[in-house]
1. Say we look at region B:187-196 and pick out the residues that are in a helix (DSSP H, G or I) and free of Cβ contacts under 8 Å to residues at least 24 places away in the same chain; which of these is most open to solvent (accessible area, probe 1.4 Å)?
2. Test each condition in (1) open to solvent by 10 Å² or more (accessible area, probe 1.4 Å); (2) touching a helix residue (DSSP H, G or I) at 6+ places or on another chain (Cβ under 9 Å) for A:V193 and report the one that comes out false.
3. Checking A:P70 against (1) more than 7 Å from chain B (Cβ to nearest Cβ); (2) open to solvent by less than 10 Å² (accessible area, probe 1.4 Å), which single condition isn't satisfied?
4. In region B:280-292, what residues are outside any helix (DSSP H, G or I) and either open to solvent by 60 Å² or more (accessible area, probe 1.4 Å) or touching a strand residue (DSSP E or B) at 6+ places or on another chain (Cβ under 8 Å) (or both)?
5. Return only the number of the condition from (1) assigned to a loop (DSSP other than H, G, I, E, B); (2) touching a Leu at 6+ places or on another chain (Cβ under 7 Å) that B:P258 does not satisfy.
6. When region B:70-86 is examined, which residues are found to be facing chain A (nearest Cβ under 10 Å), within 15 Å of A:A80 (Cβ to Cβ) and open to solvent by less than 20 Å² (accessible area, probe 1.4 Å)?
7. Counting just the residues of region B:247-279 that are more than 21 Å from the chain's Cα centre (by Cα) and open to solvent by less than 40 Å² (accessible area, probe 1.4 Å), which one comes out farthest from the other protein chains (Cβ to nearest Cβ)?
8. Given the criteria part of a helix (DSSP H, G or I) and among the hydrophobic types (A, V, I, L, M, F, W, C), does A:F238 qualify?
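The values are calculated or read from the model by the stated rules, or taken from the named source; none is laboratory data. As the structure is a computational prediction, the values presented were derived from the model and not from experiment. Heads up, the Cβs are rebuilt from the backbone with ideal geometry, glycines too, and the neighbour counts pull from every protein chain shown. Side chains included, ligands, DNA and RNA excluded: accessible areas come from the protein's heavy atoms. Shrake-Rupley method; radii C 1.70, N 1.55, O 1.52, S 1.80 Å.
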Amino acid sequence: MSTTAQEAPPGADEALQADFDAKIAANQRIEPRDWMPEAYRRSLVRQVSQHAHSEIIGMQPEGDWIATAPSLRRKAILLAKVQDEAGHGLYLYAAAETLGVDRADLTERLIGGRQKYSSIFNYPSLNYADVGVIGWLVDGAAICNQVPLCRTSFGPYARAMVRICKEESFHQRQGYELLMRMMEGTEGQRAMVQDAVDRWWWPSLMMFGPPDVDSPNTRRSMDWGIKIDTNDDLRQKFVDMTVPQAEKLGVTLPDPELAWNDERDHYDFGEPDWDELKQVISGNGPKNAERVERRRAAHENGAWVREAATAYAEKQRSAREVAV
Amino acid sequence: MSGDNIFTGLTEEHDGDARWAFGTGFTEALAGVDTTLPAGVDGEDLATYCRMLGDDALVQAQRLVHWVTDAPELEEEVALANIALDLLGQARLLLARAGQADGTGRDEDDFAYRRGPAEFLNVRLAEAPRGDFARCVTTLLVLSSWRLALFGRLTESRDPVLAAIAAKGVNELAYHREYAVSWALRLGDGTPYAHERMVEAVADVWPLTGELFATHPVEAALAAQGAAVDPATVREEVHQVLTQVLTGATLDAPAPFPAAEPAGRAGRHTEEMEPLLEELQRVAREHPEATW
């Protein structure tokens, strides 16, 4: 049973806080019915709903290629992938709702431009190799970010992430497999792959967020067990994993500073253009307006359908009550 | 399988299933089915018939995918994507069977990407404009009810491949119809505005329904050989189903299906077909030598 601050006797807050802190320290899960500090709840609502929005907006750059996919097998794979993303959005909205927010309200915040989503989806997808590169690099970066979240302190979020990570890893492999096939194809196909890699490499590195020195929320989120690794650690991990994959594929990553460093036992790499990231986050990316507008239009055009469903459910309920 | 690290498998030497972190998990729909052409069944006719049913599914799926990222609710995007995936799966099996039956060895992509509008044999209702959600529901209701009736009978086809495709398809189509029915009820008996949208959708769709039951000579010949279903034989059953659903949704009982000649089945299409195929085939045609 939940206890609100108003009802609690004097000193109860401290006891609840101590209990919460002990659970976090012992790596135990916080569940929706447990007491939690308001700032923890707010921080999670922000993170989980932005994650849900990212899944939904993330359907668009690839979704554009479903209708023109160049083989029926690729069409089925891509359609299933985009469908999975809608499913991920649904689990995550459900996880957010356990924190006392309403999905309809979160949708309003997204289409009203009041809540953000991953900036990566504000870049355009220009040729069919983008579908493969989004799978390989963007889903790959997402997995790096998300695998640790399977151990995050809030139970519903952690459990949603377990399932999502499994599906994301499947998507990453499908993306990589498309690129492998294209690299074995024509000269034109190899050029398409390289072009897509050139465009998506730096935005993928930016998916881990600003450098640690500029990430004000990182420390607190780590203390709460919401976040497990820092942005820079995850970025390094991603680069270390991706370089051998790029070599096997036969593409060049567009960073002249990229080189193995024996001393650090990691790859060194160049600095992403953080000004560009700031521009995209503040809404000035190539596709920001279009992505939100499309979601807004779908939502508003569908209002009469949702109203009809609500009215029908209401009629059915009344009919049942009369019958009783 | 590369253990827990989902990344390491990518750079390992691999073939087939080992490439995938969690296995492909797909069962071959036609595993163990005898693909030999049965005696007394004309291969050319069987191929044409498979193209008819395959093209219906492919073209309908092509229309449906545009609802993904554009539906009234996320749940509808998931459901419509699912339906499109089922239809795409049916199309792939049917087109592959067409290439076996006509002896040319053409594969699913040869049929999907390297034919012009006049070579597509789908009914015109499959290519009709997407329209609003009421139109989507109505088209899906009519096509799924019709196809379910056909596939139910096709499970007895003398062609074991067609029978196996139909057996797999009936479960899928039963879900498609159930989904369409649930929305026909909500829209028809929800708000006055939605009711009007449904009235309009039924009026728009109805002129295209006659063709679904018009027997093409190939269908007649192959039905006589026990391999196909003459669509005229499901006319009454489908009309009864639609009457039950539409009146349940507080709409008027539908008019009889109009009389019609086979049009799409003979490669005669509406002006919608060319742009639909232009979109479907664009990337494949831009890279004729490519492998995907």
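1. Applying the first criterion (in a helix (DSSP H, G or I)) to region B:187-196 yields B:187-188, B:192-196.
Restricting the remaining residues to those that are free of Cβ contacts under 8 Å to residues at least 24 places away in the same chain gives B:192-193, B:196.
Working: B:P192: 108, B:Y193: 126, B:E196: 106 Å².
Per the stated criteria, the residue is B:Y193.
2. (1)
3. Unmet for A:P70, out of (1) more than 7 Å from chain B (Cβ to nearest Cβ); (2) open to solvent by less than 10 Å² (accessible area, probe 1.4 Å): (1).
4. Going through region B:280-292, the residues outside any helix (DSSP H, G or I) turn out to be B:287-292.
Across region B:280-292, the qualifying residues are B:P288, B:E289, B:T291.
5. The number of the failed condition is (2).
6. Once the filter is applied, which keeps residues that are facing chain A (nearest Cβ under 10 Å), within 15 Å of A:A80 (Cβ to Cβ) and open to solvent by less than 20 Å² (accessible area, probe 1.4 Å), region B:70-86 yields B:E77, B:A79, B:L80, B:A81, B:A84.
7. Checked region B:247-279; the qualifying residue farthest from the other protein chains (Cβ to nearest Cβ) is B:P254.
8. Working: part of a helix (DSSP H, G or I): yes; among the hydrophobic types (A, V, I, L, M, F, W, C): yes.
The answer is yes for A:F238.
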